[in-house]
Amino acid sequence: GISLAQLRQNGFLQLLKKANADRAQKIVIDYSSPNIAKRFHVGNMRSTLLGRYTAKLNSSIGHDVHSINYLGDWGRQMAIIIAYWPYVRPSDTNWNSIGDGEKVRLLTDCYVAGNRALESDGKLKEDVRNMHTRMEQIKKEDGADNEEMKQWREIVQISINHLNHFYSLFDCQFNSWMYETDEVRRAQSLVDDLLRKGVAVTDEEGITIKDGEKFHRLGKSDGASLYLTRDIASLLHRNALHKADQYIYVVDKSQSGHFAALKRVMELMGHEDLAAKINHLVYGRVKGMSTRKGRTEVVDEIMESGKELAAEWIEKSPTKKELSPREREETVSKLACASLIVTELRKARKREYEFSWQQTFDPKAGNNGIFLLEKYNRLCTLEEMNPELMEGVNEYPILEEPSAIPLISSLLSLHSAALTSSQTMESNVLMNALLTVAAETGKGGATLRVKGSEEDVAKSRLALLHLAKRTMGETMGILGIPLVTKM
């Protein structure tokens, strides 16, 4: 454990790095990684928030972390959209007048309608197959773009613009973006090499690698690459670039079979050491989110509902401050984001749950984003109200009076909670420890009064509450929770 003196002198983040100084690793974390031409949904959001937390925490304790957003921009779904688009495309005037979010919605609708049409339209099925084959050939040979590839590039750019809106909203940044298309040629070279070495064989359905009585398919009979093969090629490429100790994939549990196959094929290829470095960070699905307009899985609709509730909460707050229109808009957005993040990260990672905004904005709950930010905001206000005592606040002795012990204990427990969380990859360990600190600062409002106390006592209490504010802010930074100092 750590002492109060160590926490004051070094700060929370510095103590975390010191605790892990001799065990630092190089870690590559693949998270978010959505498919293009689809609206950003709760599954993407959960991978994004869990992955960002995992990256921030590991970086905070001294690991060398490289985060990757690996876009699913290839495969049969692309051929379906491009083949069916002429049937549903709006006029050029309409298309050019709408934003990227609306364009992605239309592309998603196109894929759904095209997929449905394939069930009964033999010609469309043949068109999709031929288009996919042509697109694969162009990527493998690095050929010049045809109209289909130009359309694909436009879809990719529209999707990136759409995604960047959400990454900006959650202040999420990646060290690099990678694309599934970049692995098509590498996957082909990989398969050719495995065939030459006799590790892979050809059958009537394509290319496989034997695994005892079982086999793993690496390519189709028409020569098209597969998702598994592209993932193998991508991992080999990542390892050549980073030579990391761990390759973490933050992907929901429905993909467990895929990552088991990825590890096994790597072993069969003779890359046992690399296979052992694969870590599939499994999480349960959010089954749905209820808003005032009904159930939805689309994050922009969820956020709009959250901002409406945040605005109402601010208006009803008995301690609300005067905010300019711009400050109010920023605060409402931060409150909605923080509420989503706290709700997500306080759940056990593998747990499936249904999200409800009403519970998230329940002012009586002691475990949500509103509760956390309200307590943090009160600490900011306390400092604003005592400017004459703030100078030298870090030097005042902290008296360990009985009413201060619960807050001190909760602050010191954050250190062990962060280290435990880094080992288990469970965000709820640190999040719940932080909520406990917030609860203790709330109790301190009655038991650790600054105003009206003797000067030595007032300074001691202000120094402790200032340390609590600073430590909460550093912890919220790891968790990715935006700070709100005025609301």
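The values are calculated or read from the model by the stated rules, or taken from the named source; none is laboratory data. Not measured: the values here are computed from a predicted model. Cβ coordinates were reconstructed from backbone atoms using ideal geometry, including for glycine residues, and neighbour counts include every protein chain displayed. To get the accessible areas, we keep the full protein, side chains included, count just its heavy atoms, and leave off ligands, DNA and RNA. Shrake-Rupley method; radii C 1.70, N 1.55, O 1.52, S 1.80 Å.
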Accessible surface of the chain, 1.4 Å probe, proportion on carbon and sulfur as whole %
47 percent
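Going by average Cβ density within 10 Å per residue, which order do the peptides 379-388, 407-416 take, highest to lowest?
Working: 379-388: 14.4, 407-416: 19.4.
Packing proxy ranking, top to bottom: 407-416, 379-388.
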Calculate, for the chain, the solvent-accessible area per residue in square angstrom, rolling a 1.4 angstrom probe over the heavy atoms of the protein chains.
45 Å²
Given Cβ point charges of +1 (Lys, Arg) and -1 (Asp, Glu) and nothing else, what value in debye, to the nearest 20, does the dipole of region 20-162 about its Cα centre take?
460 debye
Rank Val104, Gln157, Phe215 by how far each Cα sits towards the positive end of the charge dipole of the chain (+1 on Lys, Arg Cβ; -1 on Asp, Glu Cβ) and give me just the farthest.
Phe215
Net charge around Ser256, counting only other residues with Cβ within less than 13 Å of its Cβ (Lys, Arg = +1; Asp, Glu = -1)?
+4
Ranked output for segments 242-249, 52-59, 142-149 by mean other Cβ atoms within 10 Å, highest leading, reads 52-59, 242-249, 142-149
In whole angstrom, note down how far apart the Cα centers of region 319-352 and region 128-158 are.
41 Å
For the Cα atoms of the chain, what angle does the longest principal axis make with the long axis of helix 299-316, in degrees from 0 to 90, nearest 10?
20 degrees
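Given the peptides 105-115, 422-432, arrange them by the average over their residues of other C-beta atoms within 10 Å, most packed first. Walk me through the intermediate numbers first.
On the way: 105-115: 17.5, 422-432: 19.0.
Going by the mean number of other Cβ atoms within 10 Å, highest first, we get 422-432, 105-115.
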What is the chain's relative contact order, in percent, from Cα pairs under 8 angstrom and six or more apart in sequence?
18 percent
Taking region 329-380, the equivalent ellipsoid from its C-alpha gyration tensor has semi-axes in Å, biggest first, of 20, 12, 10
As I understand it, the dipole of region 176-304 uses +1 on the Cβ of Lys and Arg and -1 on the Cβ of Asp and Glu, about the Cα centre. Which of Val286, Thr202, Tyr249 lies farthest toward its positive end?
Val286
For the chain, whose charge dipole is built from +1 on Lys and Arg Cβ atoms and -1 on Asp and Glu Cβ atoms, the candidate among Ile481, Thr381, Ile2 with its Cα farthest towards the positive end is Ile2
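For the chain, what is the calculated [θ] at 222 nm in deg cm²/dmol (nearest 500), taking -39500 (n - 2.57) for each run of four or more DSSP H residues and dividing by its residue count? Before the final figure, lay out the partial values.
Numbers: 20 runs with 294 residues, N = 487.
So the helix-based figure for the chain works out to -19500 deg cm²/dmol.
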Convex hull volume of region 291-383 per residue (C-alpha atoms, cubic angstrom)
111 Å³
In whole angstrom, the spacing between the Cα centers of region 398-446 and region 41-116 equals 38 Å
Count the lysine pairs in region 304-377 that are 8 or more places apart or on different chains: how many have C-alpha atoms under 16 angstrom apart?
9
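How big is region 27-146 by the Kirkwood estimate over distinct Cα pairs, in Å? Walk me through the numbers on the way to the answer.
Working: mean 1/r = 0.0593 Å⁻¹.
Answer for region 27-146: a Kirkwood hydrodynamic radius of 16.9 Å.
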Would you mind computing Rg(Cα) / (2.2 N^0.38 Å) for the chain, counting N as its residues?
1.13
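Relative contact order, percent, of region 153-300 when contacts are C-alpha pairs under 8 Å separated by at least 6 residues? Could the numbers behind the result be given before it?
On the way: 131 pairs, mean separation 23.0, N = 148.
The value is 16 percent.
Summing Lys, Arg as +1 and Asp, Glu as -1, what charge do residues with Cβ under 13 Å from the Cβ of Thr202 carry, Thr202 excluded? Write down the numbers at each step before the final one.
Details: positive: Arg196, Lys210, Arg217, Lys220; negative: Asp192, Asp203, Glu204, Glu205, Asp222.
So the environment of Thr202 carries a net charge of -1.
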